[in-house]
Amino acid sequence: MQEESRFSRSEQLLGVEGMERLKKTRVILFGCGGVGSWAAEALVRTGIGAITLVDPDVVAPSNINRQLPATTLTIGQPKVEVLAARLREINPDCEIHARRERYSADNASDFSLEEFDYVIDAIDSVADKAALILHATSVRSLTLVSSMGAARKLDPRRIQVAEFWNVKGCPLAAALRNKFKRMGTYPKRKFKCVFSDEVRTNAAPDGPNGSLMQVTATWGLQLAALIINRQP
């Protein structure tokens with residue numbers, strides 16, 4: 001029986017040309033938490049050629065319920081370093097870079113987005129997310145895919161994909177639209193978002209909202225699928 005290669009099962013679905021396209025594709029991912037980490041793993045397991053991971057945080061105990069880099073042994077370690085090490089074990093041929101830093105409007109010029117084919121936005125902060133969206137949509141040579149709010153959701157079946165201005169029932173998307181309106185500056189191009197229209201009233205009165213891996217992981221896989229399946 002012929003031994004299968006690392007990506008033979010992927011090639012059966014995507015074809016030789018599809019796999020070659022993935023191998024030549026360069027992705028930069030902002031946010032390596034409950035959504036972004038799963039998107040990164042899916043891309044590397046499918047055969048992406050290069051990925052840059054950007055996140056300022058270290059693994060915390062509260063991350064263990066949903067984030068790929070988080071275990072009892074990695075607490076206190078930089079998320080990007082833990083995730084990069086795991087991804088290199090999965091595919092040593094993938095070009096993987098880890099940048100432990102926060103993206104914001106103040107340091108946007110430090111990121112040469114023109115070098116990439118895709119930007120994955122999995123940032124939580126409204127201000128930083130808005131800055132990245134404006135930056136990414138100004139670069140015509142790349143495609144942006146963005147994660148809207150995955151917190152306070154229970155049902156992964158409600159996860160959808162839509163163009164940003166068509167996203168409904170998402171407080172984060174509404175906050176971004178309001179911010180763009182206040183700034184008087186809007187995204188220069190359309191871009192796809194992963195979101196859920198599930199509405200729950202269990203918001204935390206003070207501090208972060210709850211989130212579950214069954215939702216955040218599915219969310220990240222949807223982001224990866226937009227790149228793997230090359231959906232416009």
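Bear in mind that the values in this text are calculations on the coordinates, not laboratory data. Owing to the predicted nature of the structure, the values given are computational and were not obtained by experimental measurement. Cβ sites come from the backbone with ideal geometry, for glycine too, and all protein chains shown count toward neighbours.
Could you pull out the residue among Asp117, Asp121 that is in contact with a Phe, Trp or Tyr (Cβ under 9 Å, 6 or more places away or on another chain), surrounded by 15 or more Cβ atoms within 10 Å (Cβ to Cβ) and not basic (Lys, Arg)?
None of the others qualify; the one that does is Asp121.
Among the candidates Pro171, Pro156, Pro208, single out the residue that is exposed (fewer than 13 other Cβ atoms within 10 Å of the Cβ) and closer than 28 Å to Lys79 by Cα.
Pro208
Give, as residue ranges, the helices (runs of 4 or more DSSP H) completely inside the range 1-97 that count at least 1 residues that are buried (at least 22 other Cβ atoms within 10 Å of the Cβ) and touching a residue at least 12 places away in the same chain (Cβ under 8 Å). Don't jump to the end; show me each part of the working.
Details: elements: 8-23, 36-46, 79-90.
Ranges flagged: 36-46, 79-90.
Please verify whether Ala225 is part of a helix (DSSP H, G or I) and either acidic (Asp, Glu) or in contact with a Cys (Cβ under 9 Å, 6 or more places away or on another chain) (or both), treating the condition exactly as stated. Reasoning before the result, please.
Values: part of a helix (DSSP H, G or I): yes; either acidic (Asp, Glu) or in contact with a Cys (Cβ under 9 Å, 6 or more places away or on another chain) (or both): no.
Taking the combined requirement at face value, the residue does not satisfy it.
Looking at (1) touching a residue at least 40 places away in the same chain (Cβ under 8 Å); (2) in contact with a helix residue (DSSP H, G or I) (Cβ under 9 Å, 6 or more places away or on another chain); (3) on the phi < 0 side of the Ramachandran plot; (4) not in a strand (DSSP E or B), can you tell me which one Arg230 breaks?
Result: Arg230 passes all but (3).
Looking at this structure, is Glu17 within 17 Å of the chain's Cα centre (by Cα) and more than 21 Å from Pro208 (Cα to Cα)? Break it down stepwise before answering.
Details: within 17 Å of the chain's Cα centre (by Cα): no; more than 21 Å from Pro208 (Cα to Cα): yes.
The answer is no for Glu17.
Tell me, which residue of the range 124-144 that is surrounded by 17 or more Cβ atoms within 10 Å (Cβ to Cβ) and polar (S, T, N, Q) is farthest from the chain's Cα centre (by Cα)?
Thr137
Those residues that are touching a helix residue (DSSP H, G or I) at 6+ places or on another chain (Cβ under 6 Å) and surrounded by fewer than 20 Cβ atoms within 10 Å (Cβ to Cβ), I need them from the range 103-112; list them, please. Before you say what the answer is, go through the steps one by one.
Filtering the range 103-112 for residues touching a helix residue (DSSP H, G or I) at 6+ places or on another chain (Cβ under 6 Å) gives 103-105, 108.
Within the range 103-112, Ser104, Ala105, Ala108 qualify.
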